[in-house]
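Visitor: Before I ask anything, let me first share the structure, which is written out below as structure tokens.
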Amino acid sequence: MVLPRVIRAVIMGPPGSGKGTVSGRITKTFGLKHISSGDILRANINAQTELGLLMKSCIDQGQLVPDDVISRLILNDLRAIDGRSWLLDGFPRTVSQAEALDDVYTLDTVINLNVPFQTIKQRLTSRWTHLPSGRVYNTDFNPPKVPGFDDDTGEPLFQRDDDRPETVTRRLKSYETQTEPVLEYYRSKGVLETFSGTETNKIWPHVEVFLQRKLSSINQKVE
Ligand SMILES: Nc1nc2c(ncn2[C@@H]2O[C@H](COP(=O)(O)OP(=O)(O)O)[C@@H](O)[C@H]2O)c(=O)[nH]1
Ligand SMILES: Nc1ncnc2c1ncn2[C@@H]1O[C@H](COP(=O)(O)OP(=O)(O)O)[C@@H](O)[C@H]1O
């Protein structure tokens, strides 16, 4: 699909709700650039940058990193791809982050994946990640062709330190207290679109149809 003008979208949902998985499909189908705050932070940890070293213990413990740090990081990255359509995944996670984003950009849509916590806990403990690309696998749902290795590069997969059961519980708590108010923030602005379910393959067709309609309505307004 040819994008009519720059599209600015956010995908939200609790940890493990399928944001990364759905983002991959959105990127492939609609050509938006996927910007994942978690991938950016993990790349910094992997490269042992000053920022990565400072943030590692926070992330490993399932706590959010400070608002000003992540807001500056993401807004810098967005500035660097000015003129391209993007999909933000994992940012904003607090109302203060949403306000910082709002100061600079007007969003076209916020896709919210509403997946029960019970479903999530099981998924995360069997998640395997290819750190350089952010590609995710799951020993049940989408196993890699060769166990433990990335399909595209053949490089090893890792199990994230923060996917341990007790850390997942802490991350879900922080989602409830700090991130759920962001949903209300976007609902009141009229840009929130919620998709509920327990299986990505059932949620995805609804997201795809919604985005097709959304983009073609923006297209008509531009013409
Ligand atoms: N069993 C199952 N696992 C899924 C489904 N959708 C995604 N996953 C897996 O669940 C884990 C979390 O998904 P991910 O996209 O990383 O979620 P995020 O944390 O919201 O970005 C990954 O291991 C995915 O492969 C699903 O419908 N069923
Ligand atoms: N916008 C953000 N604000 C604060 N911390 C963040 C943000 N994005 C990511 N993080 C940190 O990185 C961790 C991993 O994020 P992410 O990969 O998005 O997790 P998940 O995909 O499982 O929801 C979070 O638990 C948090 O510590």
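The values are calculated or read from the model by the stated rules, or taken from the named source; none is laboratory data. Since we're looking at a predicted model, the values are computed, not measured. We place every Cβ from the backbone using ideal geometry, glycine too, and count neighbours over all the protein chains shown.
Visitor: Filter the stretch 13-42 down to residues that are in contact with a strand residue (DSSP E or B) (Cβ under 9 Å, 6 or more places away or on another chain) and either part of a helix (DSSP H, G or I) or near ligand 1 (Cβ under 8 Å from one of its atoms) (or both), then give me how many there are.
Guide: The number of residues fulfilling the criteria is 19.
Visitor: When you look at residue 94, is it away from ligand 2 (no atom under 12 Å from the Cβ), hydroxyl-bearing (Ser, Thr, Tyr) and either under 15 Å from residue 11 (Cα atoms) or within 14 Å of the chain's Cα centre (by Cα) (or both), yes or no?
Guide: The answer is no for residue 94.
Visitor: Scan the stretch 65-85 and give yes if some residue there is surrounded by 13 or more Cβ atoms within 10 Å (Cβ to Cβ) and more than 15 Å from ligand 2 (Cβ to nearest atom), otherwise no.
Guide: yes
Visitor: List the residue pairs whose Cβ atoms are under 8 Å apart, where the first residue sits in the stretch 8-21 and is under 11 Å from residue 183 (Cβ atoms), the second is at pLDDT 95 or above and within 6 Å of ligand 1 (Cβ to nearest atom), and the two are 6 or more positions apart or on different chains.
Guide: 12/19; 13/19
Visitor: While we're on this one: With respect to residue 45, determine if the residue is outside any loop (DSSP other than H, G, I, E, B), buried (at least 20 other Cβ atoms within 10 Å of the Cβ) and either aliphatic (A, V, I, L, M) or within 8 Å of ligand 2 (Cβ to nearest atom) (or both).
Guide: On the way: outside any loop (DSSP other than H, G, I, E, B): yes; buried (at least 20 other Cβ atoms within 10 Å of the Cβ): no; either aliphatic (A, V, I, L, M) or within 8 Å of ligand 2 (Cβ to nearest atom) (or both): yes.
No: the conditions fail for residue 45.
Visitor: Moving on. Take residue 25 and decide whether it is more than 18 Å from residue 134 (Cβ to Cβ) and away from ligand 2 (no atom under 11 Å from the Cβ).
Guide: no
Visitor: May I pose another question? With respect to the numbered conditions (1) surrounded by 13 or more Cβ atoms within 10 Å (Cβ to Cβ); (2) in contact with a Lys or Arg (Cβ under 9 Å, 6 or more places away or on another chain), which one is the sole condition not fulfilled by residue 142?
Guide: For residue 142, the failing item is (2).
Visitor: All but one of (1) at pLDDT 95 or above; (2) more than 8 Å from ligand 2 (Cβ to nearest atom) hold for residue 15; which doesn't?
Guide: Only one criterion in (1) at pLDDT 95 or above; (2) more than 8 Å from ligand 2 (Cβ to nearest atom) is unmet by residue 15, namely (2).
Visitor: Can you name every residue in the stretch 73-95 that is farther than 23 Å from residue 29 by Cα and aromatic (Phe, Trp, Tyr)?
Guide: Matches in the stretch 73-95: none.
Visitor: Can I ask one more? Given the options 132, 181, 144, name the one that is part of a loop (DSSP other than H, G, I, E, B) and either within 15 Å of ligand 2 (Cβ to nearest atom) or in contact (Cβ under 8 Å) with a residue 60 or more places away in the chain (or both).
Guide: 132
Visitor: Which condition number does residue 68 fail, the rest of (1) within 14 Å of ligand 1 (Cβ to nearest atom); (2) modelled with pLDDT of 95 or more; (3) not polar (S, T, N, Q) being met?
Guide: Among (1) within 14 Å of ligand 1 (Cβ to nearest atom); (2) modelled with pLDDT of 95 or more; (3) not polar (S, T, N, Q), the lone unmet condition for residue 68 is (1).
Visitor: Here is a follow-up. Name the single residue that is nearest to ligand 2 (Cβ to nearest atom) among those in the stretch 48-64 being surrounded by 15 or more Cβ atoms within 10 Å (Cβ to Cβ) and among the small types (Gly, Ala, Ser).
Guide: 62
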